[in-house]
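Everything below concerns the one structure shown next.
The values are calculated or read from the model by the stated rules, or taken from the named source; none is laboratory data. Only a predicted model underlies this, so the values are computations on that prediction, with no experimental measurement involved. Positions of Cβ are backbone-derived with ideal geometry, glycine not excepted, and every protein chain shown enters the neighbour counts.
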Amino acid sequence: MTPASADLSPQTAWMLAVRDGRDREAFAALFDHFAPRLKGFVMRSGTSGAQAEEIVQEVMLTVWRRAHLFDPHRAQVSAWIYQIARNRHIDVIRKERRPVPEELGEDPGTEPDASQIMALDQETGRLKQALERLNPDQRIMVEKAYLGEMTHHEISEQTGLPLGTIKSRIRLGLERLRHELKGMR
Amino acid sequence: MTAITHHTPDAMLAAYASGSLADPFALVVAAHVSLCPECRAALEAHQTLGGIVLETTRSEAPSAGLKSSVLARLDEPAPPEPHYRRSGVFPGPVMAALKGRPPRWKSLGLGVRQSMLSADRDGSVRLLYIPPGQAVPDHSHNGLELTLVLQGSFADETGQFGVGDLEVAGSDLEHMPTAGVGAPCICLAATDAPLRFKSFLPRMLQPLFRI
């Protein structure tokens, strides 16, 4: 654990303990938090309970095995796990690897910058509030889109989808992310 | 390298993040994101939203044994995952599609070459090699076409595209891309439907070359 860990969200602190210390207790805590959510998330798109558990298992093992790629300055734990879950879900359905971008690993030994990680936390919190303020129809639409239930065509045609509303929030975070990504190529 | 000016549209990044984009397009988006920090940042912002949806979706209690069975597997050796790095002008995801081997070019005539990466009912994705100054036959699309420049440049009715630029062409666009002078133009191009050529000869060759 780093000195800054007191200021981090529990999920981020657990994830860093898994990444840097291969901490099994922290992993168990991540499992308790995310496994029920992952199972609910995967089942919402019509997957059976048994297959959903198989995917949850694969996702959580991937979290353990690829922990070195987690960079708290760029991603919230939930966002990082979301992306793993989408990839694994699709890999399982199609029995084929989905095309993924090149990985940007953090330089080994980089000290976590608590202020930056907290800024990302806060931005995500604001994004979450923005999502909660949407009317129910719009909210359902956003959920459907990120659950993978809408095609690209539907997303681009869906004028009711408040991508624009959310985009202004996203844009706030973009400058910082862009700064982060500079020099990482 | 000049700055990237043609980016992945936001709806497409959202579709990619959520996994609903067909594989041929997903490969082009993954390749573009590998070259474009701006679109990577935008993609990560979409993933942040996805993470919020994951956090707030109704939970389902896992069955009793799931946790212990995952914990018991932590010491298992990880299955080998092929890892493809960028090679020359080809970003990692393109190398993955090539399975780490150099492209196998086939001539389409007039110095234009292609290397098919995949073709099925979801569409097709291929590498195109166009000699400097050469035009690609006038064509329009039944569906959507994505073209990512990996080397050189091309220009068409809609603008100028350099390394890293992504052109998104809908079925309404009938265009004649022409490679810039200088280096040959190498592109990654994906369609969800066969291209329609205006002139007779390429149309006859179409089934032959799967273009």
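For segment B:122-135, check the following and say yes or no: at least one residue is surrounded by fewer than 14 Cβ atoms within 10 Å (Cβ to Cβ) and without any contact (Cβ under 8 Å) to a residue 24 or more places away in the chain. Looking through segment B:122-135, none of the residues is surrounded by fewer than 14 Cβ atoms within 10 Å (Cβ to Cβ) and without any contact (Cβ under 8 Å) to a residue 24 or more places away in the chain. In segment B:35-75, the residue that is modelled with the highest pLDDT out of those that are within 21 Å of A:Asn87 (Cα to Cα) and more than 7 Å from every other protein chain (Cβ to nearest Cβ) is B:Leu35. Exactly one residue among B:Leu188, B:Leu201 is outside any loop (DSSP other than H, G, I, E, B) and at pLDDT 95 or above, and that residue is B:Leu188.
Do we have any residue at all in segment B:27-45 that's in contact with a helix residue (DSSP H, G or I) (Cβ under 7 Å, 6 or more places away or on another chain), part of a loop (DSSP other than H, G, I, E, B) and within 23 Å of A:Asp91 (Cα to Cα)? Looking through segment B:27-45, none of the residues is in contact with a helix residue (DSSP H, G or I) (Cβ under 7 Å, 6 or more places away or on another chain), part of a loop (DSSP other than H, G, I, E, B) and within 23 Å of A:Asp91 (Cα to Cα). Kindly indicate whether A:Arg74 is at the interface with chain B (Cβ under 9 Å from one of its Cβ atoms) and within 23 Å of A:Ala119 (Cβ to Cβ). Spelling it out, A:Arg74 is indeed at the interface with chain B (Cβ under 9 Å from one of its Cβ atoms) and within 23 Å of A:Ala119 (Cβ to Cβ). Is there a residue being out of contact with any strand residue (DSSP E or B) (no Cβ under 8 Å at 6 or more places or on another chain), within 30 Å of A:Trp64 (Cβ to Cβ) and facing another protein chain (nearest Cβ under 10 Å) anywhere in segment B:98-120? No, there is no match, as no residue in segment B:98-120 is out of contact with any strand residue (DSSP E or B) (no Cβ under 8 Å at 6 or more places or on another chain), within 30 Å of A:Trp64 (Cβ to Cβ) and facing another protein chain (nearest Cβ under 10 Å). Scanning segment A:63-74 for residues that are free of Cβ contacts under 8 Å to residues at least 24 places away in the same chain and assigned to a loop (DSSP other than H, G, I, E, B) yields a total of 1. Of the residues making up segment A:38-55, just one is more than 9 Å from chain B (Cβ to nearest Cβ), in contact (Cβ under 8 Å) with a residue 40 or more places away in the chain and not in a loop (DSSP other than H, G, I, E, B), namely A:Gln51. From the list A:Gly160, A:Gly148, A:Gly125, A:Gly164, the lone residue that is within 29 Å of B:Pro91 (Cα to Cα) and either modelled with pLDDT under 80 or within 13 Å of another protein chain (Cβ to nearest Cβ) (or both) is A:Gly148.
Which one of these is acidic (Asp, Glu), in contact with a Gly (Cβ under 7 Å, 6 or more places away or on another chain), surrounded by fewer than 22 Cβ atoms within 10 Å (Cβ to Cβ) and closer than 25 Å to A:Val59 by Cβ: B:Glu81, B:Glu55, B:Glu60?
Selected residue: B:Glu60, the only one of B:Glu81, B:Glu55, B:Glu60 that is acidic (Asp, Glu), in contact with a Gly (Cβ under 7 Å, 6 or more places away or on another chain), surrounded by fewer than 22 Cβ atoms within 10 Å (Cβ to Cβ) and closer than 25 Å to A:Val59 by Cβ.
Of all residues in segment B:77-86, which are at the interface with chain A (Cβ under 8 Å from one of its Cβ atoms) and of a type in the set (D, E, K, R)? Matches in segment B:77-86: B:Arg85, B:Arg86. Quick one: in segment A:77-99, which of the residues that are hydrophobic (A, V, I, L, M, F, W, C) and more than 15 Å from the chain's Cα centre (by Cα) is nearest to the other protein chains (Cβ to nearest Cβ)? Across segment A:77-99, the extreme among qualifying residues is A:Ile90. When B:Leu74, B:Leu117, B:Leu146 are checked against the criterion of being over 17 Å from the mean Cα position of the chain (by Cα) and aliphatic (A, V, I, L, M), a single residue qualifies: B:Leu74. A:Val100: assigned to a loop (DSSP other than H, G, I, E, B) and surrounded by fewer than 21 Cβ atoms within 10 Å (Cβ to Cβ), yes or no? When the stated conditions are applied, A:Val100 passes them.
Here is a check on your reading of the model: is B:Ala155 over 19 Å from the mean Cα position of the chain (by Cα) and modelled with pLDDT of 90 or more?
Values: over 19 Å from the mean Cα position of the chain (by Cα): no; modelled with pLDDT of 90 or more: yes.
Considered against the rule, which asks whether it is over 19 Å from the mean Cα position of the chain (by Cα) and modelled with pLDDT of 90 or more, B:Ala155 comes out as no.
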